[in-house]
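What follows is a single structure, written as structure tokens, with notes after it.
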Amino acid sequence: MARLPRIRRNFATVKDLIKAAEDGDPQAQHDLGAAYASGAGIKQDRLKALHWWMKGAEGGDALAMERLGDVFRTGEVALEKVTPIDLDRAIGWYKKSAAAGYHEALFGLGRIYQQQQEFKKAAATFKESAYVYGKRESLREYGMCVFHGNGVPKDVQVGRDIIAEAALMDCEFSDLGRAYLAQNYGVTLGMPESAEARKKRKTALETFQFNCLQKRAEAGDVDAQVELAHKYVFGGKGNELNRDKAYFWFHRAADAGDAEAQFELGRNCDSGSSAQTRDPQQAYQWYKKSADQNYRDGLREAGRCLYLGEGVKQDYKQAGIYFEKAVKQQDPESMVFLGRMLQDGNGVKKNPERGKKLIDAALEEDKKGIGLAKLRLSMLNDAETAKARKKR
């Protein structure tokens with residue numbers, strides 16, 4: 001199953017967003033559609049929102065697919081009618097979104113099954129969404145299925161308990177929502193709460209979601225293993241910071257062939273963090289495995305090792321091959337490396353003009369991030385200065 005990128009890019013200006021969308025970037029197409037839907041930074045236009053979501057979905061963006069599911073389920077964009085309801089198309093887009101890694105789409109799919117009175121499918125979908133992927137709203141809906149006996153054996157008390165569990169993880173419960181649960185399900189939440197009580201609700205939700213993630217990882221879900229490892233790297237949000245556990249889960253996923261996990265293990269060996277002492281040779285081997293799957297960060301780091309001769313014999317030609325592939329994926333640091341190689345003619349045909357353009361493009365791209373290309377260029381300049389001094 002496909003995994004969504006952990007970090008979706010931000011675009012500096014609406015102009016940049018429009019250009020990226022028009023150039024065929026599926027994420028930008030989704031984001032531009034969202035901007036048109038809300039009127040954020042651009043004149044609101046619901047039909048243009050639908051147009052760009054369709055483009056993004058057709059290009060493979062899972063969030064755009066889920067948006068289309070919502071549109072065809074309700075016929076609306078931003079609470080206004082824009083297209084006839086088409087539940088078959090909605091089901092198709094929700095399923096594609098979930099298959100592409102956006103499991104939030106299962107909630108909308110369950111809603112459609114409810115509309116069609118296919119209660120067994122609805123209950124099964126809500127149950128999967130809740131207990132496998134940790135969606136609180138689906139937990140509530142599944143509890144209601146159990147309470148009423150829709151698609152599952154009726155059990156009023158168990159249903160009420162599930163609804164109460166979901167409600168106790170709702171950080172922004174309205175007075176109307178409280179009254180509804182009390183009147184229809186006998187679930188009493190009391191008066192509006194303090195900020196501390198809401199914080200406890202948030203912690204309960206994060207813990208529930210983390211436990212669902214851990215169960216998926218333990219069952220062999222490679223995507224979940226990578227996500228769980230990242231959570232252990234940073235800690236918080238329902239889990240502890242534990243770099244040894246992060247290393248364990250990255251290793252499980254890397255052994256299963258996951259390119260991102262292989263890159264992360266390489267970085268681990270490179271730095272000597274977690275359960276691993278520093279091992280440049282092993283780091284390069286993991287980077288290479290990741291690079292061989294065309295994973296951008298793996299390409300860059302395998303190229304860097306070859307360029308510098310760290311953990312592997314120096315090989316400018318192979319480094320250039322890796323950097324070229326990473327540049328095609330808009331990696332700023334690789335632009336700096338390849339740009340310098342083109343300026344010097346190391347491992348590639350000398351082309352100072354293209355080299356300068358790549359470095360300038362990297363520094364421009366840097367303005368949208370945290371300045372890694374500028375730092376890399378500074379490090380290369382320092383290394384060359386030190387090398388020149390030794391020759392004197």
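What follows is calculated from the coordinates using simple rules that are stated; it is not laboratory data. Here the structure is a predicted model, which means the values were calculated and not measured. Using ideal geometry, Cβ is built from the backbone for each residue, glycine included, and neighbour counts are taken over all protein chains shown.
What do you get for trypsin sites (Lys or Arg not before Pro) in the range 19-82 restricted to DSSP loop and a cutoff of at most 16 other Cβ within 10 Å of the site's Cβ?
Lys43
Can you tell me, using C-alpha contacts under 8 Å and at least 6 residues apart, the relative contact order of the range 251-330 as a whole percent?
For the range 251-330, the relative contact order is 22 percent.
How far apart, in nm, are the 7 Å Cα→Cβ label points at Glu218 and Arg198?
About 3.4 nm separates the two model spin labels.
State, as an integer percentage, the relative contact order of the range 1-136 based on alpha-carbon contacts under 8 Å between residues 6 or more apart.
18 percent
Checking the a/c ratio against 1.5 first, then a/b against b/c, what shape does the Cα gyration tensor give for the range 1-102?
In terms of gyration-tensor shape, oblate.
If you line up the long axis of helix 296-308 against the longest principal axis of the chain, both from Cα atoms, how many degrees apart are they, to the nearest 10?
Here the helix axis deviates by roughly 20 degrees.
Kindly provide the helix-only [θ] at 222 nm of the chain, computed as the sum of -39,500 (n - 2.57) over DSSP H runs of four or more divided by all residues, to the nearest 500 deg cm²/dmol?
Theoretical 222 nm ellipticity from helices: -22000 deg cm²/dmol.
Roughly how far apart, in whole Å, are the Cα centres of the range 108-133 and the range 268-308?
43 Å
Using the Kirkwood radius built from alpha carbon pairs, what does the Stokes-Einstein equation give as D for the range 216-289 at 20 °C and 1.002 mPa s, in µm² per second?
In µm²/s, the coefficient rounds to 179.
Between the DSSP loop rule and a limit of at most 16 other Cβ atoms within 10 Å, which GluC sites (Glu not before Pro) in the range 1-104 are left?
Sites meeting the loop and neighbour criteria: none at all.
Fewest Cβ neighbours within 10 Å first, please rank Tyr307, Tyr131 accordingly.
Fewest to most other Cβ atoms nearby, the residues stand as Tyr131, Tyr307.
To the nearest 20 debye, what charge dipole does the chain have about its Cα centre, counting +1 at the Cβ of each Lys and Arg and -1 at the Cβ of each Asp and Glu?
The calculation lands at about 1100 debye.
Based on the Cα gyration tensor of the range 80-181, what are the three equivalent ellipsoid semi-axes, each the root of five times an eigenvalue, rounded to whole Å and given largest first?
The equivalent ellipsoid of the range 80-181 has semi-axes of 24, 16, 14 Å.
Looking at the range 123-219 from every direction and averaging, what is the projected area of its Cα convex hull in nm²?
Directional mean of the projected Cα hull area for the range 123-219 stands at 6.2 nm².
Please list, or write none, the aspartates and glutamates whose alpha carbon is within less than 20 Å of the alpha carbon of Lys245, excluding same-chain residues fewer than 8 places away.
Glu206, Glu218, Asp221, Asp223, Glu227, Asp255, Asp258, Glu260, Glu264, Asp270, Asp279
Using only the Cα atoms of the chain, what semi-axes does the equivalent ellipsoid have when each is the square root of 5 times a gyration tensor eigenvalue? Give whole Å, largest first.
Values for the chain, descending: 46, 26, 18 Å.
Between the range 148-166 and the range 37-86, how far is it from one alpha carbon centroid to the other, in angstrom?
First find each Cα centre; the distance between them is then 34 Å.
Pairing the Cα long axis of helix 259-271 with the longest principal axis of the chain, what angle in degrees results, from 0 to 90 and rounded to the nearest 10?
50 degrees
Would you mind calculating the relative contact order of the chain from Cα pairs under 8 angstrom and at least 6 residues apart, reporting the percent as a whole number?
So the answer I get is 6 percent.
Tell me the angle of helix 62-74 to the major Cα principal axis of the chain, expressed in degrees between 0 and 90 and rounded to the nearest ten.
The angle comes out at about 20 degrees.
Can you figure out the FRET efficiency of Gln183 with Asp45, using R₀ = 45 Å and their beta-carbon distance, to the nearest 0.05?
Here the calculated transfer efficiency is 0.65.
Tell me which trypsin sites (Lys or Arg not before Pro) from the range 87-181 have a DSSP coil assignment and no more than 14 other beta carbons within 10 Å of their own.
Lys154
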